[in-house]
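The block underneath contains the structure these notes are about, expressed in structure tokens.
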Amino acid sequence: MNVFPMPQATESLLTFPTEFPIKVMGRTQDGFAQAIVTVVQKHAPDFDAATVEMRASSAGRYLSLTCTINAVSREQLDGLYRELTAHPMVVMVL
């Protein structure tokens, strides 16, 4: 028996607006960072590209970017995740 009610699919555990970090991983290749920044700015126009944190994998084959946006809604985050996960240069989004 579940004592705590489960959140409905339309409910959000986040309170908006909020700073929200998104980690995007892909193979190290020319244009990867700019392509990701372009997608992020489409969904979060106030995102400052200068704040992107980049980290290469130990072998240098992969690059992870952490983009912290000012999230204003669940719909904004859902749209951003959908576009990032569908991007051909992206391996994983967290």
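No value in this document is a laboratory result; all are computed from the given coordinates. Model, not experiment: these values are computed from the prediction. Counting neighbours? That spans all protein chains shown, and the Cβs are built from the backbone with ideal geometry, glycine included.
In region 16-39, how many are surrounded by 12 or more Cβ atoms within 10 Å (Cβ to Cβ), over 15 Å from Ser73 (Cβ atoms) and under 11 Å from the mean Cα position of the chain (by Cα)?
6
Any idea how many residues of region 53-76 are more than 18 Å from Val91 (Cα to Cα) and touching a Leu at 6+ places or on another chain (Cβ under 8 Å)?
Residues that pass the stated criteria total 3.
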